[in-house]
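Heads up: the structure comes next, in structure tokens.
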Amino acid sequence: MLDQILNYSIPVNHPIVVHFPIALAFVALAFALGWLIRNRVYWLYVTFWLTAVAWIGTLVALRTGELMEEQGEGIAIVDEFVHLHEDLGEWASWALGACLVWLLFAVWHSRNDVEQSGTRLWIRIVALVLVVVAAALVGLTGHIGGIMVWGVPA
């Protein structure tokens, strides 16, 4: 049985890589919500690091997606959705990058704001909105990718 498994390989890494930014973006969303409610620096740091790794994952997914796009040429459903999928992936990457910039600001502000412990509510609300937008874009990108792989005409 092991011999049979070792005789096969996956020619592209995109289908493996894409699951990481999807999962991490939604876990970051959960922690951002926890940060909004609990206002503890721990929640901010975890949100930041999950978002950072999700953003790195989108960059890897974009790169591996370019390689996979070449192999999917000529397949009708791929040809129909590949550019939308690619555009959404780029938007998701930019949205996660914007989240990172805002979360860096939040870290800086929480360290320098001596008037209160934690982070101000407006900063947490903006962060949550940005993470929601990024997670939605990541999820929509994944959905379009799923249609390209598993979709059938209705």
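The values are calculated or read from the model by the stated rules, or taken from the named source; none is laboratory data. A quick note: this is a predicted structure, and the numbers were derived from the prediction, not measured. Backbone-built Cβ (ideal geometry, glycine too); neighbour counts: all protein chains shown.
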Going by the structure shown, is V18 under 14 Å from A127 (Cβ atoms) and β-branched (V, I, T)? no
F81: touching a residue at least 40 places away in the same chain (Cβ under 8 Å) and either in contact with a helix residue (DSSP H, G or I) (Cβ under 8 Å, 6 or more places away or on another chain) or at positive phi (or both), yes or no? yes
Criterion (under 20 Å from the mean Cα position of the chain (by Cα) and either modelled with pLDDT of 95 or more or outside any helix (DSSP H, G or I) (or both)) met by exactly one of V114, V133: V133
Out of the residues in region 15-32 that are at pLDDT 95 or above and not aliphatic (A, V, I, L, M), state the one that is surrounded by the most Cβ atoms within 10 Å (Cβ to Cβ). P21
Go through region 40-63 residue by residue and tally those that are at pLDDT 95 or above, in contact with a helix residue (DSSP H, G or I) (Cβ under 7 Å, 6 or more places away or on another chain) and surrounded by fewer than 21 Cβ atoms within 10 Å (Cβ to Cβ). 6
Residues V101, V107: which one is part of a helix (DSSP H, G or I) and under 20 Å from the mean Cα position of the chain (by Cα)? V101
Taking region 1-34 and keeping only residues that are in contact (Cβ under 8 Å) with a residue 24 or more places away in the chain and more than 19 Å from V138 (Cβ to Cβ), one is left with P11, V12
